[in-house]
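Visitor: Sharing a structure here in structure tokens format.
The values are calculated or read from the model by the stated rules, or taken from the named source; none is laboratory data. Since the structure is predicted, the reported quantities are computational estimates derived from the model, not experimental observations. All Cβ positions, glycine included, derive from the backbone under ideal geometry; neighbour counts span all protein chains shown.
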Amino acid sequence: MEIGAIIVILVALAFDFTNGFHDAANSIATVVSTRVLSPRYAVIWAAFFNFVAFLIFSTHVANTIAKDVVVQEALTVGVIFAGLLGAIAWNLLTFWLGLPTSSSHALVGGMAGAAVVRGGFDVLISEGLATIGAFIVLSPLVGLAIGLLLTLIIQWVFHREKNLPKLNKGFRRGQLFSAAAFSLGHGGNDAQKTMGIILAVLIAVGSLPADAEVPLWVVLSAHTAIALGTLFGGWRIVKTMGFKLTKLQPSGGVAAESAAAATLFFASAQGIPVSTTHTITGAIVGVGASRRMSAVRWRVAGRVLWAWIFTIPGAAIVAGIFSLLVEALA
Amino acid sequence: MNDRRAYFFLAAALAVLAVQGLVPQYRWLTLSVAVLYLVFALAFATANLSARRASIKKRESLDRSGS
């Protein structure tokens, strides 16, 4: 395999590591805040379920990234590298600006932008991009709807329960399972984006045929990278999504994580790359909205809306610039 | 209808319907979520109206007993 391809694969795995590092807080926020687990054990719990997700989900999302965004003839190693660099640069820029953008959408925008600069708009697969674009809006809204529905069901079922400490204890235990389910969904959907990049590289250099499925070593390395990222980074991120958006009780934590997990399971089964951060954000807003509108910190939710609008075009422009640079240097 | 949640869920339903055309294969999903949001919007709007009506009745009965 050529050295360029190996570099791109290593950069893709590093991207996956940072994804785990950054997003771990989403899955451990509520279990840590309600003291079900210490931060250290919560991170190990999340990392374990990030890793074992490969046993549950097939590789539909990876195939979408590799085959349904840009036509394969246009996906050279240089284009994939520029797309990846564009996504990383966009993530760093928005991290600096404090915008909660999605690395998944940055990756899709990056690949599209890098390819368009080389081959024009004809290289884009409109059907694949339309599905991904629609689910930028749908995944948080589906998470929100399920989050609110679960909260209302929980309130309705337990509204006569007088022994609140006992009830909270039960929901704290339930959070172990809901956090595990969310970590499974996170590992399943996000690790596959890296697998998609690696699959595209392997097809581009001729190591695999165009209709190849994701090899096992790619699956294992992507899940290892995201799990290690979660393990190393999760406990450092103290400011959790749960508290940024709304104050969650144990029952709210269970509802939010279960709603987000259900949305991620559906998206992964359908091969749709979605933002895990935006999905849990929608679910948390749904739980908060069951109380009153002022329970939700709308400024944070509004910043997610800006992230929806700007990520794909923004990452595409940055990756387009990188694509020109890579072409000039090659 | 001055419970802001009613407006929020109405806007959410419209957002879901707006992207429906992009994913015709998931029409069942988009329509279910949009209907759910409309039910939420209606529920919050009517719950608020009932609460206001009850509060007006209570005030009127207090006024009558006062006079």
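Visitor: Given the criteria at pLDDT 85 or above and β-branched (V, I, T), does A:I6 qualify?
Guide: yes
Visitor: Might you check whether a residue that is at pLDDT below 90, crowded, with 24+ Cβ neighbours inside 10 Å and in a helix (DSSP H, G or I) occurs anywhere in segment A:232-239? It would help to see each step written out before you state the result.
Guide: Step one: list which residues in segment A:232-239 are at pLDDT below 90, which gives A:232-239.
Next, from what is left, pick out any that are crowded, with 24+ Cβ neighbours inside 10 Å: A:234.
Next cut, in a helix (DSSP H, G or I) only: A:234.
Among the residues of segment A:232-239, at least one is at pLDDT below 90, crowded, with 24+ Cβ neighbours inside 10 Å and in a helix (DSSP H, G or I), which makes the answer yes.
Visitor: Additional query: Tell me whether segment A:21-34 contains one or more residues that are over 26 Å from A:L220 (Cβ atoms) and not in a helix (DSSP H, G or I). Break it down into steps so the answer makes sense when it comes.
Guide: Our first condition is that a residue be over 26 Å from A:L220 (Cβ atoms); within segment A:21-34, this holds for A:29-34.
Applying the additional criterion that residues be not in a helix (DSSP H, G or I) yields A:34.
The answer is yes, given that some residue of segment A:21-34 is over 26 Å from A:L220 (Cβ atoms) and not in a helix (DSSP H, G or I).
Visitor: While we're looking at this one, here's another question. Name the residues in segment A:112-161 that are loosely packed, with under 15 Cβ neighbours inside 10 Å and on the phi < 0 side of the Ramachandran plot, would you?
Guide: Within segment A:112-161, A:F121, A:D122, A:S126, A:E127, A:I153, A:Q155, A:W156, A:V157, A:F158, A:H159, A:R160, A:E161 meet the criteria.
Visitor: Cβ-Cβ distance below 9 Å, separation of 6 or more or different chains: which pairs start in segment A:311-327 with a residue that is modelled with pLDDT under 90 and end on one that is basic (K, R)?
Guide: From residues that are modelled with pLDDT under 90, the pairs are A:E327/A:R118.
Visitor: Now, a different point. Looking at segment A:162-183, can you tell me whether even one residue there is away from chain B (no Cβ under 14 Å), surrounded by fewer than 24 Cβ atoms within 10 Å (Cβ to Cβ) and not in a helix (DSSP H, G or I)?
Guide: yes
So that you can scan it fast, the table gives a plain yes or no per residue for (1) without any contact (Cβ under 8 Å) to a residue 12 or more places away in the chain; (2) within 21 Å of A:A227 (Cβ to Cβ); (3) crowded, with 20+ Cβ neighbours inside 10 Å:
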| position | (1), (2), (3) |
| --- | --- |
| A:G4 | no, no, no |
| A:V11 | no, yes, no |
| A:F15 | no, yes, yes |
| A:D23 | no, yes, yes |
| A:V31 | no, yes, yes |
| A:W45 | no, yes, yes |
| A:F48 | no, yes, no |
| A:I65 | no, yes, yes |
| A:L93 | no, no, no |
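Visitor: Might you check whether a residue that is touching a Lys or Arg at 6+ places or on another chain (Cβ under 7 Å), part of a helix (DSSP H, G or I) and either at pLDDT below 90 or basic (K, R) (or both) occurs anywhere in segment A:189-208?
Guide: no
Visitor: How many residues does segment A:274-306 hold that are away from chain B (no Cβ under 14 Å) and modelled with pLDDT of 75 or more?
Guide: 6
Visitor: Residues in segment B:44-59: is at least one more than 9 Å from chain A (Cβ to nearest Cβ), surrounded by 11 or more Cβ atoms within 10 Å (Cβ to Cβ) and at pLDDT 90 or above?
Guide: Checked segment B:44-59: no residue is more than 9 Å from chain A (Cβ to nearest Cβ), surrounded by 11 or more Cβ atoms within 10 Å (Cβ to Cβ) and at pLDDT 90 or above.
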